[in-house]
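Down below is the structure, laid out as structure tokens.
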Amino acid sequence: MELPSITEKGQAQMKALTSRLKFNLYLLKNLPAAWFMGCSVQEINEEKCVVRLPYRWSSKNPFRSIYFAAQCAAAELSTGLPTAVAITGKPSTSMLLVGIETKFFKKADSTSLFICEDNQIAQQAINQAITDGESHTFTMISKGFNAKQELISESKVTWSVRKRRSKK
């Protein structure tokens, strides 16, 4: 049996994530620090996810730039949301962040976008984990851009997924 990349429930979840109110409620419940920083989903589909991180008092440091941890959080979110969507509606599967490596290139002194175009990597790994019952690790890249569309950072976010074993 071939598993779909994104189920109908996953499609509905993607639509809900682009609703500001529903996404804020999701963040308040699951990731309150990301809510506090003002993260939002600008776009999410089967190919890419775009997370917006505003430049404001709750995300900046004393040096008048976005704090590195806020950038890492937005990068993680841009890779984690598509992974969570790909799991939705499929047999119970766990996901775990196992690594993040970020390089910073330019001062982040404006509202920034974090773009991940590796969503299909997550979909393939999840389907493989469900099919063979083994743990699969994969890395997705998120690139951060400032208001001038200059590259400010690049994060390699590594996830592990595994089909949960049924309880006996």
For the range 69-128 the mean separation of alpha carbon contacts under 8 Å (6+ apart) over residue count, i.e. relative contact order in percent, is 57 percent
Computed about the Cα centre, the charge dipole of the chain from +1 Lys/Arg and -1 Asp/Glu charges at the Cβ has a magnitude in debye, to the nearest 20, of 660 debye
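Any idea what the dipole of the range 1-59 comes to, in debye rounded to 20, about its Cα centre with Lys/Arg Cβ at +1 and Asp/Glu Cβ at -1?
On the way: 8 positive and 5 negative charges, 85 e Å.
Result for the range 1-59 is approximately 400 debye, rounded to the nearest 20.
Relative contact order for the range 72-168: what percent, with Cα pairs under 8 Å and sequence separation of 6 or more?
Details: 192 pairs, mean separation 37.5, N = 97.
Computed over the range 72-168, the figure is 39 percent.
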Rounded to the nearest Å, the spacing of the alpha-carbon centers of the range 131-147 and the range 57-113 is 12 Å
Cross-link reach from Lys148 to aspartates and glutamates, straight Cα distance under 15 Å and at least 8 residues apart if same chain, gives Asp109
From DSSP H assignment alone, runs of 4+ in the chain each adding -39500 (n - 2.57), the sum over residues rounded to the nearest 500 puts [θ] at 222 nm at -11500 deg cm²/dmol
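If you average 1/r over every pair of different alpha-carbon atoms in the range 37-168 and take one over that average, what Kirkwood value in Å do you get? Walk me through the numbers on the way to the answer.
Values: mean 1/r = 0.0660 Å⁻¹.
Every distinct Cα pair counted, the radius reaches 15.2 Å.
Give, rounded to the nearest 20 debye, the magnitude of the charge dipole that the range 97-143 has about its Cα centre when Lys and Arg contribute +1 at Cβ and Asp and Glu contribute -1 at Cβ.
Working: 4 positive and 6 negative charges, 73 e Å.
Result for the range 97-143 is approximately 360 debye, rounded to the nearest 20.
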To the nearest 10 degrees, the tilt of helix 68-87 (Cα long axis) against the first principal axis of the alpha carbons of the chain is 20 degrees
Sequence order, the range 118-135: Karplus ³J(HN,Hα) from phi using 6.51 cos²θ - 1.76 cosθ + 1.60, θ = phi - 60°, Hz rounded, Gly and Pro as x, gives 10, 4, 5, 4, 5, 4, 5, 5, 5, 4, 5, 5, 5, 5, 9, x, 9, 7
Violations at 24 Å Cα threshold for listed pairs Lys106/Lys156; Lys29/Lys90; Lys29/Lys106; Lys9/Lys60; Lys90/Lys156 -> Lys29/Lys106; Lys9/Lys60; Lys90/Lys156
For the pair Gln128 and Thr111, the simple spin-label estimate (label points 7 Å beyond Cα toward Cβ) gives in nm 3.8 nm
Taking 18-29, 106-117 and ranking on average Cβ neighbours within 10 Å, highest first, one gets 106-117, 18-29
dims of the range 92-160, Cα set, principal axes, largest to smallest, nearest Å -> 45, 18, 15
Among Leu28, Pro62, Ile44, the residue whose Cα sits farthest towards the positive end of the charge dipole of the range 21-87 (+1 at Cβ of Lys and Arg, -1 at Cβ of Asp and Glu, taken about the Cα centre) is Pro62
With Rg from the Cα atoms and Rh as the Kirkwood inverse mean 1/r over Cα pairs, the range 1-99 has an Rg/Rh of 1.01
1/(1 + (r/R0)^6) with r = Cβ-Cβ of Leu25 and Arg64, R0 = 22 Å, i.e. FRET efficiency to nearest 0.05, evaluates to 0.10
Restricting to aspartates and glutamates and to Cα separations under 16 Å from Lys15, and discarding same-chain partners fewer than 8 apart, the set is Glu43, Glu46, Glu47
Dividing the mean separation of Cα pairs under 8 Å (6+ apart) by the residue count of the chain yields a relative contact order in percent of 24 percent
Phi-derived 3J(HN,Hα) across the range 31-40 with the Karplus relation (6.51, -1.76, 1.60, θ = phi - 60°), rounded Hz, x for Gly and Pro, is 9, x, 5, 5, 5, 4, 6, x, 4, 8
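Every number here is computed from the coordinates shown, using simple stated rules; none is lab data. Since the structure is predicted, the reported quantities are computational estimates derived from the model, not experimental observations. Please note: Cβ atoms are built from the backbone with ideal geometry, for glycine as well, and neighbour counts cover all protein chains shown.
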